[in-house]
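Comments concern the structure below.
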């Protein structure tokens, strides 16, 4: 079957939700396998989560981006100083055009549910719907920032924002800033805000683990095995930094050189003027930036009841154990640019096998 143009309110073999690295990789392999599909992306522009990154995050500061399958190198000469949002967004848009991937945007999916005939109904916020024999979910985490609760949060008189809302250091000039979190996002914010803020305080829930030396293939396999074990057990995947530690990237080295990577233990509560630590001392603050990571954006899959008692979704590869029609790509062990590529290929192959052995009375368009 030769896939046609983007489909609306139609029946397809597969609906791919999300057009980031994982979603585009899945679409590429579905195209090669001859399945009919549509890609629904909630963003108005190409680029996945990269489109929302601050303009101060240049390609030179990026921890790593893996090329999409079948594509040329991402980073061309002279692009290291350009914003990652611009470079990656242009790269993704070109990729969609080159391989004629049927991406519809902006389409924000609100629910995926089962139909009586064994098919899946995918409904968008504007009421449009698609019927599919399988769903490849590639929504990532960017749209679900994690805000941990601490006593006194409503009493703090300053400004609070998540690192996903950070757009650069200019708005923090002359202010007292507290940065919460032990990952690369925190290091990026610290390295920039330190140049303009009156003071910068770094707090972490647990002491940061700095990882020296190269991150080898053996290290990568160990990390993937660790995360894979959790998702196979139905537990929520850990954050990347919780597994890999904080590497000595250019951003981390820059923050170290400025003397701002001096963590304090996590405060116990917020007070009107700042944050209070366990010993009773108070750090005055005008702004608190929560670089506290993200959670998987899976709320639209709730009607399928995929979660296990442990709070996660039990997986076998990319396939959801409770429902083999649903694959999660860019989730758990595939939540990296290289992992997302492999997950896209694996999901497409498994879905093709599933559909060949599970004929439907409804013919995909």
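The values are calculated or read from the model by the stated rules, or taken from the named source; none is laboratory data. Remember, predicted model here, so these are calculated numbers, not experimental data. No Cβ is skipped: glycine too gets one built from the backbone with ideal geometry, and neighbour counts run over all protein chains shown.
Summary table below
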{"item": "Lone unmet requirement of (1) modelled with pLDDT of 90 or more; (2) surrounded by 21 or more Cβ atoms within 10 Å (Cβ to Cβ); (3) under 30 Å from residue 198 (Cα atoms) for residue 255", "result": "(1)"}
{"item": "Every residue from the range 276-325 that is more than 22 Å from residue 159 (Cβ to Cβ), buried (at least 20 other Cβ atoms within 10 Å of the Cβ) and more than 19 Å from the chain's Cα centre (by Cα)", "result": "304, 306, 325"}
{"item": "Residue check, residue 353 over 23 Å from residue 20 (Cβ atoms), surrounded by fewer than 15 Cβ atoms within 10 Å (Cβ to Cβ), at pLDDT 90 or above and not assigned by TED's automatic domain parsing to the domain that holds residue 173", "result": "yes"}
{"item": "Residue count, the range 110-143 (criterion: closer than 15 Å to residue 20 by Cα and either crowded, with 20+ Cβ neighbours inside 10 Å or in contact with a strand residue (DSSP E or B) (Cβ under 6 Å, 6 or more places away or on another chain) (or both))", "result": "6"}
{"item": "Conditions (1) at pLDDT 90 or above; (2) in contact with a helix residue (DSSP H, G or I) (Cβ under 9 Å, 6 or more places away or on another chain); number of the one not met by residue 240", "result": "(1)"}
{"item": "Residue check for residue 330: buried (at least 22 other Cβ atoms within 10 Å of the Cβ) and assigned to a loop (DSSP other than H, G, I, E, B)", "result": "yes"}
